[in-house]
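Below is one structure, written out as structure tokens; the observations come after it.
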Amino acid sequence: MPLPIEKEALESQKQDVIVVEGKHQIHHQVEHPVEPSKKKEKKPRRWPKRLAKTLLFLIVFCGVALWFFASQGALKTSDQSGGVFSWLNNLGAVGQLAKLAISSDRPIKGENRDRINVLLLGVGGKGHDGGYLTDTIMLISLKPSTKQVSMISIPRDLYVPIEDNGWRKINAIGALAEKENPGSGAQAASQAIGELFKVPIDYYARVDFEGFAKVIDELGGVDVTVDNTLDDYSYPVLGMEDAKNYYSRYEHLHFDPGLQHMDGSLALKFARSRHGVGKEGSDFARAKRQQKIIEAVKDKLFSASTFLNPALIGRLFNTYQEHVSTNFEAWEVIKFWTLFKEVPRGQIVNKVLDNSADGLLMDKTGEDGAYLLVPRSGDFSQIQYMIENIFANAPAETKAMVIKDQATVEVRNGTWVNGLASKVSTDIEQYGFDVINIKNAAQRNYQTSVIYDLTNQAKIESLALLKEKTNANIGLELPNWLTAELNKQGASGTVKVQPDFILILGESASANQVAPTNPN
């Protein structure tokens, strides 16, 4: 069923993401013994070891949690004196610390179901038009039993139903809530997105542009490997949006590939870039950069230089009290650190919802000409399935074999079962297969799935695994309609990379359990 398209509200072309990477160039602008006869003086009271350790835990982890989990909102203070440790004064005395230590033994939200979901939101904030329009949306899930983390970026142009407001872009949820009830935007967004994707959002954190740039500066910048050259000749200069000289409204951004060091200002500019030349000029490329920079900030916060610098931790809290909104509590911050302080890079799964050939979204134009993204299948079931199965893992040795083969697959739906190709694609990707295209087959009457091998058995082990996991037959000869289609695509140049295997799904695929299960 096609999605309804209504006139878009709260459009802002000037608000962009908060997360970054790359190099930037601007082309523009002795205790004495007590005598037995004398009464002993009372020694200063010392904290029990556990409480002292808890305090150290808190100081160390607060810095880590500030950006990666954006948890400082639970420790906000009314003390505006600016002292380095003013935030710490509000934690109270020994009794409160004891309470934190005891509380940290309790499970945090989501821990009992072995999945903790955190929604990270980025907004422009003060000084920006449409400051509450959410321009960075990232769902981070953490699995305590396996120490796995997933990061799923959700594009701001995704067209979704919003209660009492019809269909709007997903980035409008927070702004609409703020208009009705100031301060409610982050919570409203987490509730709506959780309902949309049928995933419980345990925690949310919203940070603005200024807060992001400042935390990077306090950390002394971050190092990130830039994958591709980025040239953006239309980056907007803050405060110059309406300048009479049109060209003074923009500056030229240039980032070279390779390992680069960035301060907060440069990182923010890289994050907001939307008009780069070539492959870095899309919101989807920017979403990938967001995920890389979050990992870089996390690594910097976990470094010894941060651990051993309580003054830095204090400055981070004092600086960002006005820039983060979250529902984390202090004891939950401590528990988070104990659970996920050592997550290796190989345990992080990165996904971006996009409109690529194998993506779950496609482009749509609204009635007012606004650019929109909608689910390719017409509903959100495929996205829900992907999120639900994000931690499904194949045996490591099996996955390594497929990755070594660099086996690519084109998945076609040969049935009328809506979303079947996307679901099966999500499943086989867990085994290391690279799904490079998803589409409907020209014929939709397949009862049994079939695989056509275009490698002439050059990747026989991967073929055997694909056959086993999809319960498909091996097609010995391409059908005439498929041969004609491939020849036509090759002649027109529309297919740049030919897949190793073409998997056409039949009715039997809808009943198969393809996805591997997680051992607990």
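Out of the residues in the stretch 272-303 that are more than 14 Å from the chain's Cα centre (by Cα) and of a type in the set (A, V, I, L, M), state the one that is surrounded by the most Cβ atoms within 10 Å (Cβ to Cβ). Ranking the qualifying residues of the stretch 272-303, first place goes to Leu301. Taking the criterion of being assigned to a loop (DSSP other than H, G, I, E, B), surrounded by 14 or more Cβ atoms within 10 Å (Cβ to Cβ), of a type in the set (Val, Ile, Thr) and under 21 Å from the mean Cα position of the chain (by Cα), would at least one residue in the stretch 199-212 satisfy it? Within the stretch 199-212 (the criterion being assigned to a loop (DSSP other than H, G, I, E, B), surrounded by 14 or more Cβ atoms within 10 Å (Cβ to Cβ), of a type in the set (Val, Ile, Thr) and under 21 Å from the mean Cα position of the chain (by Cα)), the answer is yes, since at least one residue qualifies. Before we move on, is Val215 at negative phi, assigned to a helix (DSSP H, G or I) and of a type in the set (Val, Ile, Thr)? Against the criterion (at negative phi, assigned to a helix (DSSP H, G or I) and of a type in the set (Val, Ile, Thr)), Val215 qualifies.
Assess whether Phe433 counts as being at pLDDT 90 or above and closer than 24 Å to Glu468 by Cα.
Working: at pLDDT 90 or above: yes; closer than 24 Å to Glu468 by Cα: yes.
When the stated conditions are applied, Phe433 passes them.
Go through the stretch 300-318 and give me each residue that's in a helix (DSSP H, G or I) and at pLDDT below 75. Passing the criteria: Leu301, Ala304, Ser305, Thr306, Phe307, Pro310, Ile313, Gly314, Arg315, Leu316, Phe317, Asn318. Considering the stretch 413-426, the residues that are among the polar types (S, T, N, Q) and crowded, with 21+ Cβ neighbours inside 10 Å include one that is farthest from Ile154 (Cα to Cα), namely Thr415. Scanning the stretch 488-512 for residues that are among the polar types (S, T, N, Q) and modelled with pLDDT of 85 or more yields Gln498, Ser508.
Taking (1) over 30 Å from Gln347 (Cβ atoms); (2) in a loop (DSSP other than H, G, I, E, B); (3) at pLDDT 80 or above; (4) not small (Gly, Ala, Ser) in turn, Glu241 satisfies each apart from (3). Cβ-Cβ contacts under 6 Å between residues 6 or more apart (or on different chains), taken from a first residue in the stretch 489-510 that is surrounded by fewer than 16 Cβ atoms within 10 Å (Cβ to Cβ) to a second residue that is modelled with pLDDT under 80 and assigned to a loop (DSSP other than H, G, I, E, B), are listed as Gln489/Val495. Restricting Ala407, Ala392 to those that are modelled with pLDDT under 90, closer than 27 Å to Ile348 by Cα and not aromatic (Phe, Trp, Tyr) reduces the list to Ala392. Of the residues making up the stretch 202-228, just one is polar (S, T, N, Q) and over 20 Å from Asp263 (Cβ atoms), namely Asn228. Restricted to the stretch 272-299, and to residues there that are hydrophobic (A, V, I, L, M, F, W, C) and in contact with a helix residue (DSSP H, G or I) (Cβ under 7 Å, 6 or more places away or on another chain), the residue that is modelled with the highest pLDDT is Ala285. None of Glu397, Glu410, Glu388, Glu429 is loosely packed, with under 15 Cβ neighbours inside 10 Å and acidic (Asp, Glu) except Glu397. Hey, can you tell me all the residues within the stretch 244-260 that are over 23 Å from Ser282 (Cα atoms), outside any loop (DSSP other than H, G, I, E, B) and either at pLDDT 90 or above or not polar (S, T, N, Q) (or both)? Correct list: Tyr246 only.
The values are calculated or read from the model by the stated rules, or taken from the named source; none is laboratory data. Bear in mind that the values here come from a model prediction, so they are computed numbers and not experimental data. Neighbour counts are summed over all protein chains in view; Cβ atoms, including those assigned to glycine, are modelled from backbone coordinates with ideal geometry.
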